[in-house]
Amino acid sequence: MTAEPLPITSLNILIVDDDDLFLEMLALEMEALGCSVQVAVDGAAALEQVQLAPVDVLITDWQMPGMDGLELVRQVRAAALQNRFLHIVMMTARGDNDTIRAATSAGIDDFLFKPLDPLQLELTVASARRNVRLHRSLERRNRHLAKAHDRIRAAYRHVRADLDAAAALHHKLLPNDKEMNGVRIAWAHRPAMNMSGDTLGVSQQEDKILFFLADVQGHGVPAALASFHLHHRLVQLAPGDPAALASAIEQLNHEIESQPNENYATLICGLLSPTERRAWIIRAGHPDPLIVAAAGVSSLHLHGSFPLGWFGDAEFMPEEVILEAGTRLVLFSDGVTECADREGAQLEVTGLSELLRKGADEPLELMVERVKAAVAMRRGTRGFDDDISLLAIEMA
């Protein structure tokens, strides 16, 4: 099967020569080859026509009075013609190497050597036609690419606006109060991407305070949606006593485990009674909380259970903790302790404990800001590999 011949490209040609008879003869030859021809008798007129009219090919004589062909070519190329493609052919009787090099440097694409030969004209037109056809094809593709690029950018702006709106909605879930029933609250939350798989919350449950910090598997939109649902459901279930807390966590675990996609979350969650200075805490695969007290910083070792979503029949038992006046309870995600510096060294629990120890005598908000600043300094401009979240609660 033979390939179909490419369609003939119509060329707009401008011929420049100070010899009227030769100009007319060459114009007739080019028209016979299927070209649309314009003529100019000097370089100045040619330069004006090139700038005003659509020209595909410029054929100019070298030796002309006033502006010669070489200067015409230099000025045409310097004008750039708004990035229009222009195939330039120089006519000359000189075929020495220096002449060809000078013309090529000025921007010549092809040569016609006098006396002109009909076959040479055909080859020149065929070469110009092929170049113009390729350029027009490239222009069409570039226009299609530009339109596709504009559509993609518009789609990206819509997606980004939706993500920003979702991130703002997620941010609204974070605590607003700095104090509740005499208990002070401070927190840090920084997503690795524009949306976070971490969530934390504090809410009033009659005479008790519900507090929690969860870290959903993964990053980005799927993790953010899962953490949003977990946060909303936990507040909606509103456990008011240790038994209700255990029941709520078991229900959440069953809901996550029964989802068709593989998903899980670590969670530290508790009920705090400010008047009794007691808390009942459930740890589900999450790092142990830290206690900041006058004696120093220590881990609150809880027995805990598996992350939510691993086993549908898992049980979660609250553990009672006594919190003295002035004691600070600090919950954190592993994104804090696994934050690495440029050398790859992680902060780890010991590094976090040292930061908390240094801020133990500072107001709660300043202690949390100390941790935020240290973590940000470790990452610099590289961004975060994991979501960062920390919740600090200070007993009155």
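The values are calculated or read from the model by the stated rules, or taken from the named source; none is laboratory data. Remember, predicted model here, so these are calculated numbers, not experimental data. As a convention, Cβ positions derive from the backbone with ideal geometry for all residues, glycine included, and neighbour counts pool all protein chains shown. Accessible surface areas use protein heavy atoms only, side chains included; no ligands, DNA or RNA. Shrake-Rupley method; radii C 1.70, N 1.55, O 1.52, S 1.80 Å.
Given the alternatives [x] 29, 61, 9, 1, 0; [y] 22, 29, 10, 21, 16, 1; [z] 28, 58, 14, 0, P(r) over Cα pairs in 20 Å bins from 0, in percent as computed for this entry is given by [y]. Computed over protein heavy atoms with a 1.4 Å probe, the carbon and sulfur contribution to the accessible area of the chain reaches 54%. Mean-square fluctuations from a GNM of the chain, with a 10 angstrom spring cutoff on Cα atoms, peak among ALA325, ALA161, ALA79 at ALA79. Ordering ARG283, ARG160 by accessible surface, largest first, gives ARG160, ARG283; the 1.4 Å probe counts only protein heavy atoms, with every chain in place. Can you tell me which of ALA32, ALA376, ALA214 moves the most in a GNM of the chain? Springs connect C-alpha atoms under 10 Å apart. Of the options given, ALA32 has the highest mean-square fluctuation. With only the Cα atoms considered, the range 58-169 has a convex hull volume of 125 Å³ per residue.
For the chain, the dipole from Cβ point charges (+1 on Lys and Arg, -1 on Asp and Glu) about the Cα centre works out to 400 debye, to the nearest 20. For the chain, with a Gaussian network of springs between Cα atoms less than 10 Å apart, report the residue from ASN97, ASN261, ASN176 with the top mean-square fluctuation. Judging by the Gaussian network model, the answer is ASN97. Under the criterion of Cα pairs below 8 Å and six or more residues apart, the relative contact order for the range 174-395 equals 26 percent.
Amide H contacts of PHE111 (H built 1.01 Å from N, in plane; Pro and chain starts excluded): MET90 sit under 5 Å, all sequence-distant by 5 or more or on other chains.
For the range 307-318, 3J(HN,Hα) computed residue by residue from phi via the Karplus equation (6.51, -1.76, 1.60; θ = phi - 60°) reads x, 5, x, 7, 10, x, 9, 5, 10, 10, 9, x Hz, glycine and proline entered as x. Taking all protein chains as they are arranged and a probe of 1.4 Å, the heavy atoms of LYS172 leave approximately 150 Å² accessible to solvent.
Ranked by the mean number of other Cβ atoms within 10 Å of their residues, highest first, the peptides 217-225, 55-63 come out as 55-63, 217-225. Here the peptides 311-322, 330-341, 85-96 are ranked by packing, the mean other Cβ count within 10 Å, and the order with the highest first is 330-341, 85-96, 311-322.
Sorting 98-108, 10-20 by average packing, meaning the other beta carbons within 10 Å per residue, from highest down gives 10-20, 98-108. State whether the range 233-314 is rounded, prolate or oblate according to the following rule on the C-alpha gyration tensor (a ≥ b ≥ c being the square roots of its eigenvalues): a/c under 1.5 gives rounded; otherwise a/b larger than b/c gives prolate, and the remaining case gives oblate. Oblate, because a/c is 1.5 or more while a/b does not exceed b/c. Taking amide hydrogens as placed 1.01 Å from N in the peptide plane, the amide H of LEU11 sits under 5 Å from those of SER36, each at least 5 positions away in sequence or on another chain. When TYR156, TYR264 are compared by accessible surface with a 1.4 Å probe, the order from highest to lowest is TYR156, TYR264.
With protein chains left intact and a 1.4 Å probe, residues in the chain average 52 Å² of accessible area per residue.
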